[in-house]
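Only the coordinates and a few stated rules stand behind these numbers; no lab work does. The structure displayed is predicted, hence computed values, not measured ones. With ideal geometry, Cβ positions are generated from the backbone for all residues, glycine too; neighbour counts draw on all protein chains shown.
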Amino acid sequence: MNWIDALQASPAYAAQKALAARVAPSDAEVRSLLEALAARGGKLSKAALAQRLGMPAMRISGFVNAARRVLNLDQAAVLVLDETAGTVELNRELLGRQFRVTVR
């Protein structure tokens, strides 16, 4: 089981998805987001992320904000959208701690 499988199988992830309800991205969308960020060291420009996800650039902020509602457990900065710099950053180590999964 890889780290994304472990995350998505965790009780905390299921609880976060339930809290985010209808705005929560699908598991496949979250997986694509995490894979894209992990492949580039955890940080991408919004434009590069949109391209990797095959998503219109104008939708990326809304999508990332929806994903943040699932991944930022207790408002921890697991997934950060910096609108000023135009970047999205994943803190994998914090994700592992918050969701109690191994992220190596």
Do we find that Ala6 is more than 18 Å from Asn91 (Cβ to Cβ) and part of a helix (DSSP H, G or I) in this structure? no
Residue check: is Ile4 among the β-branched types (Val, Ile, Thr) and within 21 Å of Thr84 (Cβ to Cβ)? no
Look at region 1-17 and say how many of its residues are among the charged types (D, E, K, R) and either under 20 Å from Ala36 (Cα atoms) or more than 14 Å from the chain's Cα centre (by Cα) (or both). 1
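Results for (1) within 21 Å of Arg104 (Cβ to Cβ); (2) basic (Lys, Arg), shown as yes or no for each residue.
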{"residue": "Leu33", "(1), (2)": "yes, no"}
{"residue": "Ala36", "(1), (2)": "yes, no"}
{"residue": "Gly42", "(1), (2)": "yes, no"}
{"residue": "Ser45", "(1), (2)": "no, no"}
{"residue": "Arg52", "(1), (2)": "no, yes"}
{"residue": "Phe63", "(1), (2)": "no, no"}
{"residue": "Arg68", "(1), (2)": "no, yes"}
{"residue": "Val78", "(1), (2)": "yes, no"}
Considering region 18-36 alone, what residues qualify as being in contact with a helix residue (DSSP H, G or I) (Cβ under 9 Å, 6 or more places away or on another chain) and farther than 17 Å from Gly62 by Cβ? Leu19, Asp27, Arg31, Leu34, Glu35
Test of understanding: among Gly41, Gly62, which residue is at positive phi and either within 14 Å of the chain's Cα centre (by Cα) or of a type outside the set (Val, Ile, Thr) (or both)? Gly41
Could we say that Arg97 is among the basic types (Lys, Arg) and part of a helix (DSSP H, G or I) here? yes
Considering only residues that are in a helix (DSSP H, G or I) and within 9 Å of the chain's Cα centre (by Cα), look in region 70-94 and name the one that is surrounded by the fewest Cβ atoms within 10 Å (Cβ to Cβ). Val70
For Ala12: the one exception among (1) under 19 Å from Phe99 (Cβ atoms); (2) of a type in the set (Gly, Ala, Ser); (3) without any contact (Cβ under 8 Å) to a residue 60 or more places away in the chain: (3)
Ala36 vs. criteria in a helix (DSSP H, G or I), touching a Leu at 6+ places or on another chain (Cβ under 9 Å) and under 18 Å from Gln8 (Cα atoms): yes
Count, please, the residues in region 59-69 that happen to be surrounded by fewer than 20 Cβ atoms within 10 Å (Cβ to Cβ), over 17 Å from Leu19 (Cα atoms) and among the hydrophobic types (A, V, I, L, M, F, W, C). 0
